[in-house]
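See structure below.
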Amino acid sequence: MGNLGVSIYPEKSTFEQDKEYLDLARKNGFSRIFTSLLEIDGDTEEVITKFKRIIEYGHSIGMETILDINPGLFKQLNISYDNLGFFKELGAAGIRLDIGFTGFEESLMTKNSFDLKIEVNMSSGTNYIENIISYHPNKENFCASHNFYPQKYTGISQSHFEETTAQFTKHNIHTAAFVTSKEGNLGPWPVQTGLCTLEQHRTLSVQTQVTHYRLMDTIDDLLIGNAYATEEELNAMSKAFFGPHPNLEIEFIDGLSDVEKKIILDEVHLYRGDRSEYMIRSTSTRIKYKDESIPAHHTQPIKKGDILICNDDFGQYKGETQIALKDMENEGNRNIVGHLKKDSTFLLDYLKPWSTFTLSH
């Protein structure tokens, strides 16, 4: 199980605001902090003191901070990649290299005497990682994370994400990516429309974004890119990430019987292994509810994402739960009791046979 994280931007906020946010995040099981020190405007001493104070507070409540930096900052502060004492001094657990060096420097940095983690950028799609690996880094202190993208339509595509992530997971490197809050409006730059890694996530709920990553199962840690997520979002993210089963959000139709609601909401569903291209079948409910009556209703043609219960007209299949993977005709023996939320229907493509899941509304 990986970790959850939040982002803070001390140059644009107050210690009190950030402290309150970190307390809330910690309460919901978050243990990572991302913050950005790409350049220092104004009084260096003042900025550094501000960062140090909140990083140390985070540390005191059990949260580790990774600082996003670029090579320009090394010059600005007159520090060298072979002496990272400055970052230890700040209280950071590690640094993220927004722009990399040549591979040799990164490898050397992982062997720093302060035990700082060195996190590299996963999103570029070059052979950067192979280069670093060829210099034999200390993998204990080596990790990686994707970028986030403030500008609409610039987040990475699903195929690029899969390709670049695979370059890292094959070396068993600890990975991270960003989701976005719908409410947060604070980031490292003045302009932003959310701060996510995958473009398709930009307008989705945190719950759906996290469930997508969970089903892909290639990313260890997830962080919220913008600040400040709401308490509801932090809680939903925590449940989606740490819950025993992936959870899919659905909308019910009106007028369902209590039995139908129970079948859908109270069970852990198992995606039957002898898969059909038309539907996901969760068959244990037909055994549990075999003595209940499920009269036929809402038996119109079926669309992808519809939640179905086999009704009294379906003999031994009565009570079976199904989710449509394709549009299909309805012969009158399947009740359409609801459907996956429109934004999360795509998650069906990531569910795997023999996996468990729950449904909620």
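Overview of results
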{"item": "Highest-first arrangement of 78-86, 5-13, 174-182, 188-196, where packing means the average Cβ count within 10 Å", "result": "174-182, 5-13, 188-196, 78-86"}
{"item": "Order by protection proxy (mean Cβ within 10 Å, highest first), peptides 350-361, 144-155", "result": "144-155, 350-361"}
{"item": "The chain: relative contact order as a whole-number percent, Cα under 8 Å and 6+ apart", "result": "13 percent"}
{"item": "Candidates per trypsin sites (Lys or Arg not before Pro) in the stretch 243-308, loop by DSSP, up to 12 other Cβ within 10 Å", "result": "290"}
{"item": "Antiparallel DSSP beta bridges within the stretch 35-138, as percent of all bridges there, nearest 5", "result": "10 percent"}
{"item": "Pair-distance profile P(r), taking every C-alpha pair of the stretch 206-318, with 5 angstrom steps and integer %", "result": "2, 9, 17, 19, 18, 13, 10, 7, 4, 1, 0"}
{"item": "Net charge of Cβ neighbours under 14 Å - reference residue 317; Lys, Arg +1; Asp, Glu -1", "result": "+2"}
{"item": "Lysines whose Cα lies under 17 Å from that of residue 261, excluding same-chain neighbours fewer than 8 positions away", "result": "288, 290, 318, 341"}
{"item": "Lys pairs, the stretch 92-226 - Cα-Cα below 18 angstrom, 8 or more residues apart or on other chains", "result": "4"}
{"item": "Rounded tilt (10° steps) of 158-169 against the dominant C-alpha axis of the chain", "result": "60 degrees"}
{"item": "At R0 = 22 Å, FRET efficiency that the Cβ-Cβ distance of residue 312 and residue 265 yields, to 0.05", "result": "0.60"}
{"item": "Net lengthening on full extension, residue 258/residue 102 (0.36 nm per residue, minus Cα-Cα)", "result": "49.9 nm"}
{"item": "Normalised convex hull volume, the stretch 126-194, alpha-carbon set, Å³ per residue", "result": "117 Å³"}
{"item": "The stretch 1-141, relative contact order [Cα under 8 Å, separation at least 6], %", "result": "19 percent"}
{"item": "Geometric extent, Cα atoms of the chain - Rg, Dmax (angstrom)", "result": "23.8, 77"}
{"item": "Antiparallel DSSP beta bridges within the chain, as percent of all bridges there, nearest 5", "result": "40 percent"}
{"item": "Stokes-Einstein diffusion coefficient of the stretch 305-359, Kirkwood radius over Cα pairs, 25 °C, 0.890 mPa s, in µm²/s", "result": "201 µm²/s"}
{"item": "In the stretch 74-151, GluC sites (Glu not before Pro) in a DSSP loop with at most 10 other beta-carbon atoms within 10 Å", "result": "none"}
{"item": "Inter-label distance, nm, simple model (7 Å from Cα along the C-beta direction), residue 283/residue 76", "result": "6.2 nm"}
{"item": "Virtual spin-label span in nm between residue 172 and residue 127, 7 Å along Cα→Cβ", "result": "2.4 nm"}
{"item": "Candidates 185, 333, 172: whichever shows maximal mean-square fluctuation once the chain is modelled as a Gaussian network with Cα springs under 10 Å", "result": "172"}
{"item": "Residue 138 paired with residue 276, simple spin-label distance in nm, labels 7 Å along Cα-to-beta-carbon", "result": "5.6 nm"}
{"item": "Inter-part distance where the stretch 3-81 and the stretch 340-361 are each reduced to a Cα centre, Å", "result": "36 Å"}
{"item": "Per-residue [θ]222 nm for the chain (sum of -39500 (n - 2.57) over DSSP H runs n ≥ 4, rounded to 500)", "result": "-8500 deg cm²/dmol"}
{"item": "Average Cα contact separation per residue, the stretch 220-338, under 8 Å, 6 or more apart, as relative contact order %", "result": "24 percent"}
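Computed from the coordinates by the stated procedures, all read-outs in this text should not be read as laboratory data. Predicted model only: the values in this text are computed from it and were never measured. We place every Cβ from the backbone using ideal geometry, glycine too, and count neighbours over all the protein chains shown.
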